Amino acid sequence: MNRLGTFAATTLRGPNPRVNAFAFGGLAGSFLLAWVWFFLGEWGVSLPVTSAVLLAIVAGFLGGVRSRSEEPVDRATHLWKTVFVAAWSVALPGLIAMTLASLMWLPAIVVTNDAMTFLLAFFAAALTLSPPVFVLAGLIPEGRGAARWGVAFQGAAAAFLLAPLLLAFRFDVLVLSWSAAGVATVAALWRFFKKREQSRQEPAEPLAEPPGTQTLSPVARIERGLVALLAGAAVAVVVQMTAQLVASAAFVMYGQIAAMVSGVGCGIAIAARRWSGEQLGAGVGTALLTGSWVSLLALAYPWLIETSLSISAYVSQLWLLLPLRTLLAAAPLFPIAVGLGRLATTSREDRGASTRPALTEALICGSIGFLVIRWANVDARDAVAPFAVSGLVLALASWVVSGRPRLSRPAWSAAGAAIVLACGCFFWSESYAPARAARLLFSTQIFLAHRDGAEPEHLPFLDEGRLVADAVSDGTVWTVWKHHGSQLQFRQNGVPRHITSLDPVRCPESSSEVMPAVLGLTVHPQPRRVLMFGLGGTSPLAACTEFPVEQITCVEGDDALVDAARDVVLPLGAGRRLSDARVKVIEAAPELFAAARHEAYDVIILNENQPALLHATPRFSTAHYSRLSSALADDGLLCQRFQFVDFGPEPLQEAVATLRAVFPQVVAVETAPGEFTFLAKKTDAPLLDADFLARAQRPQVRRVMGRIGWDWSVLLTLAALSDEALDEITASSRSTRSLAAGGRPAFRLPAEMMRWAPKRAEVQEVLAPHHSRMATWLGELPQLRDVSKRLDDVTEQQRVISEQPDQFWAYRATLKSRLQDRPRSMIKQVAHEGLVRRLHPEDERRKQYLVALGEAARQENPDVASINRLLQFADPYDPLVSFFVYGEAAQLAARSRDARPDIELALRLHTINFSTGGDRSIENVVEAVELLVDEPRSAEGASERWDALNALLNVMRERWNLRAMQARNSRYAASDVEKSLAAAKAAMSCMDGLASEVGVADADWQARRDVLQTYLIRPLRTYRSSLTERKPSETALVPESEEPPAE
């Protein structure tokens, strides 16, 4: 204890005043880091909440600084203030939780209004954060004017920068807070009881401005306030720019705070130097720096993207990755912060000038400027030029206000360089391209291609993705990309978030988006009220509308995503997803809506799929789950998405432990590779009741799962972990539950996501011994025999697709054998006949299908009615009918003189996009390309035609890559190569004419064309050359067998 006290006392009040100030800043930064997270961990990180936290901290700091007396703080006052701060820090998590719990007395509608949410959050932050900040600000060591402040700011910056890196590997925020409280208390006690001679103490200087120092005039204060306002606004713009380079995470946020605090400290130290009066004035320099720096960042943005890509592709050491990414996101803020710090003195001529009045004014104006840009949803692309002009105008005004002083040659050089950079924004402002960053920085395919030496200009065009929309909200940039011709991908600051299909006939839905809703609404025996957190790409909402529920409430905290759904998804053909009378979309922060008062729900679906992102981490805590449990009915069910593809086993175990701390029963179902859906119940009653199997076969389940390309029976075979298995998994690990105040997901998940390791193998090693299937949870039911036969049909479907890719009609033989060798019958009550044995309805439907197919196939010119009659057998989904019927109908439509080309294209695209990953067929892809090239009417417009052709060329490339992995060549390889080359050339020629009409830049299309030449055309030509060197008998230029007639 004595050693600890000696160390703390030496650190905090040692003989070196700068060491004292730096150590104090380090402790203060540790406190502030913990306090900010305590609040954000409970209230979330929405814009109203973060704005309230910022203003509450600024208000507390300004109040504490301005309330200081001119006398030095005595030891007794120092002791009680330190003890107060330490005690408050320990009690703060409970106090903040109490403020959030008070929302239960308010209706949920209150938190849907941003202004009201801000007022509530500010009131809570003022009660919980402002008092300790007020007291802490009164403890800042005074010394030789601004110099001591600058050193203290550097200490705080060091804490903000280094503590998150420590939290990423060990401990949590609570431990940091307790440690800081303990060190501060011990140091204060030591200082109180240790008497020092007055001669060894540093002389205390008065806190007011020294005699002879003149304060700034009102005009000068206004000038500096406007410059600080501009600098604060520039910070918001730069934060938006850097958010596209590094995924949002706690260590990024605190790294940016560290850069700001350090920059302000450096600015204060620079302004305190006597030579600063001989250079550019504080207002002139900061205004020029702000305008030119934003312009310079726009110019350098392509280089920043390249740097971020190289870090991701080549740096594998986690201890190096974290600092590099922090530096990339934080360093651009430092110069602006230096400019703000230079505004923090009232006199350039006196080194001892007090920083307090000007610092408080600079902080107030800078905070206002920052919040104005964030609340106004300003797009950084539109702000570069206005900032440059504003910086030049304010610099000129500041120079005039300061009396137009003569500038030295270095000052003129600096001003000239800044003016050139600011003016240059009109020529290179388009260099800032968030869409390019989104395209390059968050794709494993691009990382690997970059490492393999792909041309940099080719990287954004390795696949068919095309930007169709973007939006800015709360400093977040959403981009919407079109893939597969009919699929939209939503990216938040570049990170892939959601996928939706615009046309479920042409392109399948994503199982990870749809299956949580299917599981929840099928497992629950009678769901009536559904609460969904997260709109996603609207696919989860569309799945819910297929079920007979009374009410669907969707809570989405990002209004830009809601606008994208209304303005992009629905107009492009996503049906009635938001227009259903049962659907109510509420724009509110999920954390606050869950805490407010509302009715009980039968099923709650949590669509958050990226737990490592900053905005999502508060939603994976015991406190949040407890509030959701209160919102559930007694027999309610919670469905939580959890994407673990980038994690090892520990985050998964911790997520399970957190859920099990609140819910008595939890199971996990793997709905997509690398993604679980957790199902949690409030009771110990069995999750699956006796009627579950019957509910799984209902039309709505078949219809929704058919949009994925799955049969209903697949639901029972998904890899799953029972409640007992999860108990064993968590018991065998050291994982603990995630507390809101602890912040473990916020600091550890981003580091785990960046860790290079065989994570999938690590997870499988832990989970494999415990895997089961939902079918095994049902026990020995007689109906499971029919399920087994159904699964045999699913397996047969996949076998036909994989083994006979260009002979899809091979399924007919299987279908006939099923009817002949394995007929199913059932006893049915018939009027006037009694009980009779009839063919099973599904077998009867298959028989009718074969009859309808034979009738349509025998027509020389199949009529549209016959084709439509055949397509009616696609629903309900049958693994041996539904997929193949589209191929049959496409062949009939090609022979028909009456069928519309767009219908034929839709049928062909279904057979291509709904196929299995092992499909190597080329014929159907070539036919679809030829149809698009020859028939402009096959697509509604140039954009749809372009996207379809681009997607088909990508599919062709992927399928030829699959064929390259085969040990043997196809018998029809030579014919397929010739057809593929001809179709690809025709498609690219057609796209040459469509590019300008679609709005694709010439350079972009040329880059995409080069990619197709490099990765499709040239390999096919090389392969063709290798085929011609073989004996003629080894290849067949034309197929030897034709499609057999349908009987």
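Quick notes on this structure:
- Here the contact order of the chain, divided by its residue count and restricted to Cα pairs under 8 Å and six or more residues apart, works out to 11 percent.
- Counting only alpha carbon atoms, the long axis of helix 218-243 and the longest principal axis of the chain meet at about 30°.
- Available extension along the chain between residue 101 and residue 115 is 3.1 nm, counting 0.36 nm per residue and deducting the alpha carbon span.
- When each of the peptides 862-873, 496-507, 878-889 is scored by how many other beta carbons lie within 10 Å of its residues on average, the order from highest to lowest is 878-889, 496-507, 862-873.
- The dipole here belongs to the chain: it is taken about the Cα centre, uses +1 on the Cβ of Lys and Arg and -1 on the Cβ of Asp and Glu, and is about 3200 debye.
- Under 5 Å from the amide H of residue 1000 lies no amide H of any residue 5 or more positions distant or on a separate chain, with H modelled from the backbone and absent for Pro and chain starts.
- Helix-derived mean residue ellipticity, 222 nm - over the chain, DSSP H n ≥ 4, -39500 (n - 2.57), to 500: -18500 deg cm²/dmol
- Of all DSSP bridge pairs formed entirely within segment 508-777, close to 50 percent run antiparallel.
- Calculated P(r) of segment 594-649 - Cα pairs past 17 Å, %: 42
- Of the trypsin sites (Lys or Arg not before Pro) found in segment 880-921, the ones in coil according to DSSP and having at most 10 other Cβ atoms within 10 Å of their Cβ are 897.
- The simple spin-label model puts a point 7 Å past each Cα toward its Cβ; for residue 468 and residue 940 those points are separated by 0.9 nm.
- Three-way shape label, segment 508-777, alpha-carbon gyration tensor, a/c 1.5: rounded
- Neighbour-limited loop hits for trypsin sites (Lys or Arg not before Pro), segment 701-787 (at most 12 other Cβ within 10 Å; DSSP other than H, G, I, E, B): 734
- In the chain, the longest principal axis of the Cα atoms and the axis of helix 146-167 are about 30 degrees apart.
- Kirkwood Rh and Cα Rg combined as Rg/Rh, segment 679-826: 1.07
- In this rough spin-label picture, where each label sits 7 Å from Cα along the Cβ direction, the residue 985-residue 566 distance is 5.1 nm.
- Stretched out straight at 0.36 nm per residue, the stretch from residue 1010 to residue 930 would grow longer than its current Cα-Cα span by 26.7 nm.
- Protection proxy ranking, peptides 45-57, 258-270, 369-381, average beta carbon neighbours within 10 Å, highest first: 258-270, 45-57, 369-381
- Gyration tensor (alpha-carbon) shape descriptor, segment 26-90, a/c threshold 1.5: oblate
- Taking 10 °C and 1.306 mPa s as conditions, the chain diffuses translationally at an estimated 49 µm²/s according to Stokes-Einstein applied to its Kirkwood radius (Cα pairs).
- Coupling constants for segment 915-924 follow from the phi torsions by the Karplus curve (6.51 cos²θ - 1.76 cosθ + 1.60, θ = phi - 60°), and in residue order they are 6, 6, x, x, 5, 10, 5, 10, 4, 5 Hz; glycine and proline get x.
- Ranked packing of 508-518, 442-452, most packed first, by mean Cβ within 10 Å: 508-518, 442-452
- Sequentially through segment 479-494, phi angles give Karplus couplings (6.51, -1.76, 1.60; θ = phi - 60°) of 10, 10, 10, 9, 10, 6, x, 9, 10, 10, 10, 9, 10, 9, 6, x Hz, Gly and Pro residues having no value and appearing as x.
- Note on residue 189 and residue 170: their simple-model spin labels are 2.5 nm apart, each label 7 Å out from Cα toward Cβ.
- 0 to 90° range, to nearest 10: angle between helix 942-964 axis and the chain longest Cα axis: 80
- Residue 964/residue 579 FRET efficiency (R0 35 Å; Cβ-Cβ; nearest 0.05): 0.15
- Remark: 37, 809, 960 ranked as 809, 960, 37, counting other beta-carbon atoms within 10 Å and listing the fewest first.
- FRET efficiency, residue 400 to residue 90 (Cβ-Cβ, R0 51 Å, nearest 0.05): 0.45
Here, each number is a calculation from the coordinates, and none is a lab measurement. On a predicted model such as this, the values are computed, not experimentally measured, just so you know. Neighbour counts run over all protein chains shown; Cβ positions are idealised from the backbone, glycine included.
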